[in-house]
Amino acid sequence: MKVLIVEDQQRLGQFLERGLKECAYTAKWVGTCKDALDALAESPYDIIVLDLGLPDGDGIELLRRWRANGFNEPVLILSARDSVEDRIKGLDVGADDYLPKPFSFEELLARVRSLVRRQSTVKQVVLEHRGIRVDLLSHTVQLNGRPVDLTSREYALLEIFMQNPGRILTRTLISEKIWASNYDVDTNLLDVYMSRLRAKLETSPLRPLFKTVRGVGYQLL
Ligand code: CA
């Protein structure tokens, strides 16, 4: 799950980015309308956490623009403006939920989970393939009924493969989904993560779980 955080207060933005990463989300924090537009143009996001008062514009306008351009993923508005009018305005232009500041991180997490769950009525919440079971809500993984301990990056990587079993995923596509920007990725890093996933999930060398497609990417068999 990839989350874009649009928040101009540096401390809050960084705090949310770090907190979400620790909970196995892929998170990117930006502080202006311009950077938010650029981030969304550069790669897809599953959910947006949006502050309303931004230095170069209004979050409501940003949201209106995204919705007009067909961005359908959930948006959670985050703002000190907790008047009823602002709340209604936000929901009117297509926000899915509204969280007044100040809020606790636990509450934000709960709202994000609830939006993901609502979105998941059309998508699956549990992915299963070859004895691996990934719960998209609790971010937990089991192998043949036993819990597997994955780091947040390993989890994010596995989630993409489990959503696309049998499909060859290119290095670019994987990087784009796992790392918030595909420019800051050392490609060797992906190979390191892949070997860790193999070590944790492959039950027998005779039955490989992933196929390396040289020069292209990887495939979950
Ligand atoms: Ca603000």
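Points worth noting:
Yes/no matrix, rows are residues, columns are (1) in a loop (DSSP other than H, G, I, E, B); (2) touching a His at 6+ places or on another chain (Cβ under 7 Å); (3) within 16 Å of the ligand (Cβ to nearest atom); (4) modelled with pLDDT under 85:
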| residue | (1), (2), (3), (4) |
| --- | --- |
| 61 | no, no, yes, no |
| 64 | no, no, no, no |
| 67 | no, no, no, no |
| 70 | yes, no, no, yes |
| 73 | yes, no, no, no |
| 76 | no, no, yes, no |
| 82 | yes, no, yes, yes |
| 85 | no, no, no, yes |
| 91 | no, no, no, yes |
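- Criterion: out of contact with any helix residue (DSSP H, G or I) (no Cβ under 8 Å at 6 or more places or on another chain) and crowded, with 16+ Cβ neighbours inside 10 Å - qualifying residue of 16, 12: 12
- Residue satisfying all of: in the range 112-159; basic (Lys, Arg) and under 14 Å from the mean Cα position of the chain (by Cα); farthest from residue 75 (Cα to Cα) among these: 153
- Pair list, Cβ under 6 Å, 6 or more apart: the range 1-30 residue assigned by TED's automatic domain parsing to the domain that holds residue 73 and in a helix (DSSP H, G or I), other residue among the aromatic types (Phe, Trp, Tyr) and surrounded by fewer than 21 Cβ atoms within 10 Å (Cβ to Cβ): 19/105
- Selection from the range 93-107 of residues that are away from the ligand (no atom under 15 Å from the Cβ) and hydrophobic (A, V, I, L, M, F, W, C): 93, 95, 105
The values are calculated or read from the model by the stated rules, or taken from the named source; none is laboratory data. Fair warning: this is a prediction, and the values are worked out from it, not measured in the lab. Virtual Cβ from ideal backbone geometry, glycine too; neighbours counted across all protein chains shown.
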